[in-house]
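Right, one structure below, let's go through it.
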Amino acid sequence: MRKFSWTVAMVFIVILAAQLNAAQATELISLFQQPLLMTSAGQNAELQIAGILAKRAGLTYAISKFAAPQELRGVKTLVLVLGASMKGLGAAGLDIAEEKGRVTSLVEACRKNQIPILCLHLGGEARRGQQTDEFVLACLPSAAVAVVVKSGNTDKLFSRICGEKNIPLIEIEKAADCLGPLKKLFKS
Amino acid sequence: MKATPADPHEPFNFRGLQAMVVAAHPLAVEAGLSVLKSGGNAVDAAIAASFSLNAAEPFASGIGGGGFMLLYLAREKRVTAVIYREKAPRLTRPEMFEEKGKDRDEWRSTSGLAVGVPGMLAGWDLARKKYGTRPLAELVEPAVEIAEKGLTVGGNFCAINKEEYERLLKNAGEGSCYLNNGLPYEPGETLRNPDLARTLKRIAEKGVDEFYRGEIASRIVEAVSAKGGIMALDDLAAYEAVEVAPLQGSYRGHPFYTIPPPGSGVYLIELLNIIESWPVESWGHNSPDYIHHLSEALGFVFADKDGYLGDPDFVSVPVTGLLSRPHAARIAGAVRPDRILDSYPPGTFGKRDEAPGNTTHLCVVDKDGNIAALTQSINDFFGSGIVPEGTGFLLNDHMQDFDPRPEKPNSPGPYRRPASSMAPVIMFKDGKPFLSLGSPGGVRIFPSLAQIIVNIINFDMSLDEAIEAPRFFFSSSGDRSQAISVESRIPESVLRRLEEIGHKIAIKDAYDRFFGGAQGILIDRGRGVVYGGADSRRDGTGQGY
């Protein structure tokens, strides 16, 4: 049943994504299932913001800063909050390569287990840069949907990757606005 | 008057003819300047600016923290220091952090145990009563107005607010006055803090005792206890700031004063003593030779800091030995020009002596030539994240500055003050003060100050050029060689050469607040101008008249 739902969802995304612009992408209602596992790609502080918004959206979620593939058991959606924080990485005792290794192993496990990935970039322009871009390039192509604060996409990196991979992209003005897409994207 | 440049990083010296205030937020500068213009002196203005920073830059300092104040008293032609560093509560034990095991660092930074007894108000009160001219209520007023009316927050505030979101959520919850409807502030939003306004009014009305013995003290103890802390009402009631003699050093014929232990003035002097013997001009600013030699020197200085710095009321700090020229010469001679060293052992000294006599920064110079240089902090951005119920101010996490290992000079202990990296400076030229300088930035403080001083003295930079110039930092951790942290503006060719010598390099942002946010005032007596320099790595600004 889970496999079937996911296949239907993927077909839905692919058909829509080929034609949708950002505004239309907000029509992707109930695409993802719960429970969801939330982790950052880059040990950023926006993971906590995403967690609070998930709580406000009434979702069943768990946050794991160091989520590993075995934590995906029973998880229906992986939420990856993109953005490298040197402070966060330092506090975690991780370098970029180690964090990238952790995240790519998660992405790979999701692919194997057909768990859809929702990518969020909530840090705006301040959370862009070479290190963040490494995580964007590593994760975003595997996303089912991406929600991005507009000021973080002024160079259209997210638009370009999402366009190439037919991934629906939802642009929002500020992090708090992610609440709306979260409510819509998940099946209650 | 020249307009401030559109690019905040472009070096710009604020100018005044008689007086100057530089601080980390324009509203604090305005508060200080208004006090000066109404006849207050440098001490009054510095205290008004400090209160205002609590409202406008609450993540960096405030009445829940502590600090160091260096004063030049023009009429008496002398420098004095006021220390109002936090103290450990009476029930503090040397092993109390170590025994927390893997959770040790969390207890040291975001729990009730992280909170030291705040010294800020006691320090300001001591300085105001002895050297100020204005009533407390007048100095509090601008801060109350900022807290009540609110201020529009900028990118720097929001970035820090976001980085410390977890800390605030943990200890203050979604209802925190430092969050906007439970989420970090976004640029352009308005931060209001009516609780802080009420607290400050209460202090203005009832005096500083209200904080240490009154209702506010009870709120502090309740908040700290609720988060696993050990602070008691008696700890607050017992707190006293102290006035002490400053330390004196000299660099290239310029005598300067800074603060004694538990501050890091001693290590600033030691570092400059080492640099003084080197031909830094011929090496060139931020050349491979320059960065290599200074970094190696920092390795030794940090070994001395780890080995000896503690609260001089409880441990003997070998200040005379650390500041001696032979000690500096030994270190300068140990540095190899073509390779890094394997270890940086601390100095060994004979009989340990007593210190003689005895993280935002702001400086004020008034029309009479008095100078106030204050470095103050609540430690981490947003401190411990704990806000006593209904008070609107953040409590520090300065207990983190203790060495968590028992039996070290800087181990935690009852009533001890943790060692600090703060080191405000007043430097003299031809017998008169010409430079006042300080910075936040944790362990980067004195290395950054030394670089700014060398930029001015050796490389003839203007004050703000010296502040904005690319910085680097190195410290030794035990005997293991760490990476040199550099701002990305340092050329690739320099970094490659440093790597050839054996250094590891960690590249930071072009203007990274990791390296602090220095503020300074330079008095050019020849031209009759007072210059203010404020660091664009944070929201520093200045104003003079």
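Brief remarks follow.
- Here the calculated FRET efficiency for B:Glu189 and B:Glu500, from their Cβ-Cβ distance with R0 = 51 Å, stands at 0.60, rounded to the nearest 0.05.
- Rough spin-label spacing in nm, given labels placed 7 Å along Cα→Cβ, for B:Glu99 and B:Glu10: 6.0 nm
- Whether region A:33-79 is rounded, prolate or oblate, judged on the alpha carbon gyration tensor where a/c under 1.5 counts as rounded: oblate
- If you plug the beta carbon distance of B:Arg336 and B:Glu492 into 1/(1 + (r/R0)^6) with R0 = 25 Å, you get a FRET efficiency near 0.55.
- Summary value for region A:31-185: 24 percent relative contact order, contacts being C-alpha pairs under 8 angstrom separated by 6+ residues.
- Antiparallel DSSP beta bridges within the protein assembly as shown, percent to nearest 5: 70 percent
- The separation of region A:127-188 from region B:406-450, counted between C-alpha centres, amounts to 44 Å.
- Chain A - share of DSSP beta bridges that are antiparallel (%, nearest 5): 0 percent
- The charge dipole of chain B, taken about the Cα centre with unit charges on the Cβ atoms of Lys, Arg (+1) and Asp, Glu (-1), comes to about 940 debye, rounded to the nearest 20.
- Per residue, the convex hull spanned by the Cα atoms of chain B measures out at 136 cubic angstrom.
- Spread of Cα-to-Cα distances over 20 Å intervals beginning at zero, given as percent, for the protein assembly as shown: 17, 48, 29, 5, 0
- Links that overshoot a 28 Å alpha carbon limit, given the list B:Lys37/B:Lys162; B:Lys87/B:Lys227; A:Lys165/B:Lys170; A:Lys65/A:Lys112; B:Lys129/B:Lys429; B:Lys367/B:Lys508: B:Lys37/B:Lys162; A:Lys165/B:Lys170; B:Lys129/B:Lys429; B:Lys367/B:Lys508
- Taking the number of Cβ atoms within 10 Å of each Cβ as an exposure proxy, the fewest-first ranking of B:His292, B:His398 is B:His292, B:His398.
- Calculated [θ] (222 nm, deg cm²/dmol) that DSSP helices of n ≥ 4 give over chain B, each run adding -39,500 (n - 2.57): -10500 deg cm²/dmol
- Total formal charge among the other residues, if their Cβ is under 12 angstrom from that of B:Pro135, Lys/Arg +1 and Asp/Glu -1: -2
- For chain A, size of Cβ-based charge dipole, Lys and Arg +1, Asp and Glu -1, in debye: 620 debye
- Global geometry of region A:109-188, whether rounded, prolate or oblate, following the gyration tensor of its Cα atoms and the 1.5 cut on a/c: oblate
- Loop sites in region B:1-108: trypsin sites (Lys or Arg not before Pro), DSSP, at most 11 other Cβ within 10 Å: B:Lys2, B:Arg75, B:Lys77
- Per residue of chain A, the DSSP helices (runs of n ≥ 4 H) give a summed -39500 (n - 2.57) that works out to -13500 deg cm²/dmol at 222 nm.
- Dipole magnitude (debye, nearest 20) for region B:505-545, charges at Cβ of Lys, Arg, Asp, Glu: 100 debye
- Around B:Glu166: net Lys/Arg minus Asp/Glu count, Cβ-Cβ under 12 Å: 0
- If R0 is taken as 60 Å, the Cβ-Cβ distance between B:Ala238 and A:Lys112 corresponds to a FRET efficiency of 0.45.
- Charge tally in the Cβ shell below 12 Å around B:Glu222, where Lys, Arg are +1 and Asp, Glu are -1, B:Glu222 excluded: 0
- Sorted ascending by nearby beta carbons within 10 Å, beginning with the fewest, B:Ser411, B:Ser384 become B:Ser411, B:Ser384.
- Global geometry of region A:31-185, whether rounded, prolate or oblate, following the gyration tensor of its Cα atoms and the 1.5 cut on a/c: rounded
- The tail of the calculated P(r) for region B:360-476, taken as Cα-Cα distances beyond 20 Å, holds 56 percent of the pairs.
Quick note: the coordinates plus some simple rules give every number you see, no bench work behind them. Bear in mind the structure is a predicted one, so any value in this text is a computation, not a measurement. Cβ coordinates were reconstructed from backbone atoms using ideal geometry, including for glycine residues, and neighbour counts include every protein chain displayed.
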